[in-house]
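Before any comments, here is the structure.
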Amino acid sequence: MTAADQKGLSRQSGYVVAENVRKTFTKAAGDDLIQVNALDNLNFEIDEGEFITIVGPSGCGKTTLLRIIAGLAQTTSGRILINGKAITKPSPERAIVFQDFLLLPWRTCVDNVAFGLELQGVSKAERLAKAEAALGLVGLEGWGRYYPDELSGGMQQRVGIARALAVDPDILLMDEPFGSLDAISRSQMQHELLRIFMKAGDQKTVIFITHSIDEALLLADRVFVMAEGGRMIDDIRLNFERPRSQAELLLNNEYIEIKRHLLDVLQGGYMTTPFAE
Ligand SMILES: Nc1ncnc2c1ncn2[C@@H]1O[C@H](COP(=O)(O)OP(=O)(O)OP(=O)(O)O)[C@@H](O)[C@H]1O
Ligand SMILES: [Mg+2]
């Protein structure tokens, strides 16, 4: 059962569609310039309200794909459509949580979180209220008046997540958003994100990159598996009911089989230890 099915809602299929997406970069190799495939002919469809996780070794094109969906980078050929319209530029409907937070150091945390709302022309009172609420969602109430460098790395990452949540986007793009959190905060944030996702019915679609197989399997309706050279090599549908817990999943034979398969497929990348977070 998918998330939308569990919520008893109908959903739009083919909401995000990738058609023959390629992205190449030119790189120096000694005296020569070579073309590197960051994305190699990707084709996929994502339904509205689906939670997708993307796994794959370092350098396989995950961030590049997310940046294209965000409208921050262009394809070399092929295209990605949302609701039938090709993506050409960023939009408030799509919010991204960056791998390296990208907070503005000269702004307080609450002003960082309010930044997207400011760009949308939301009034000051409203954006402060929304930003404070988003900080609350990530467990940072009371920290709004501090500057990013007064917070730990994990807290800064949560500010980055709050900034994306504050604009209440239809599509939430998350690039290893919990990577620098300690295990307890990470688990709390996973559950908070799922709570927000479930509450939104089929209104929120999440595309989430992670290096943790456990995290990918805990969160997703489908796991996209990418490989070197920007190829998509697998698309695994997960039918486990939500809410899921690691403890319960570990008793599920289908889960164990899928996890084993992912460990096999991803070996050779740097995700070689079975229980790496
Ligand atoms: N702006 C750029 N200029 C040149 N090459 C780039 C650029 N951005 C990405 N690349 C190259 O494209 C490939 C894919 O990079 P990308 O950042 O998408 O990988 P990734 O899967 O997100 O890796 P990681 O797991 O380490 O974050 C890599 O070979 C990278 O060096
Ligand atoms: Mg990346």
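Values quoted throughout were computed directly from the atomic coordinates according to the rules given, and no laboratory measurement underlies them. Just so it is clear, the structure is predicted and the values come from calculations on it, not from any experiment. Reconstructed Cβ throughout: ideal geometry from the backbone, glycine too, with neighbour counts over all protein chains shown.
Observations, loosely collected:
- Label-to-label distance for Thr24 and Arg107 is 3.8 nm, based on points extended 7 Å past Cα in the beta-carbon direction.
- Nearest-0.05 FRET efficiency for Ile233 and Leu33, computed from C-beta distance (R0 25 Å): 0.35
- Neighbours of Thr108 by Cβ distance under 10 Å: Lys/Arg scored +1, Asp/Glu scored -1, total 0.
- Around the Cα centre of the chain, unit charges on the Cβ atoms of Lys, Arg, Asp and Glu (plus for the first two, minus for the last two) sum to a dipole of about 600 debye.
- Leu72-Leu251 FRET efficiency (beta carbon distance; Förster radius 45 Å; 0.05 resolution): 0.60
- Here the scattering of the chain is modelled by Debye summation over its C-alpha atoms, one equal scatterer each and no solvent; at q = 0.15 Å⁻¹ the log10 of I(q)/I(0) is -1.19.
- Cβ-defined net charge surrounding Gly78, 12 Å radius [Lys, Arg +1; Asp, Glu -1]: +1
- In nm, spacing of pseudo-spin labels at Arg145 and Glu126 (7 Å Cα→C-beta vector): 2.6
- Summarising the label geometry, the points placed 7 Å from Cα in the beta-carbon direction at Asn83 and Gln12 lie 0.5 nm from one another.
- Interchain or long-range residues, amide H under 5 Å from Thr205's placed H: Gly49, Ile171, Leu172
- With both residues required to sit in the chain, DSSP beta bridges show an antiparallel share near 55%.
- Its Cα centre serving as origin, the stretch 145-213 has a Cβ charge dipole (Lys and Arg +1, Asp and Glu -1) of approximately 180 debye.
- Point-charge dipole on Cβ atoms (K/R +1, D/E -1) for the stretch 104-168, about Cα centre, debye to 20: 60
- In the chain, a dipole from Cβ-located charges (positive for Lys and Arg, negative for Asp and Glu) runs towards its positive end, and of Val16, Ile258, Ala86 it is Ala86 whose Cα lies farthest in that direction.
- Sorting Val55, Val113 from the fewest to the most surrounding beta carbons within 10 angstrom yields Val55, Val113.
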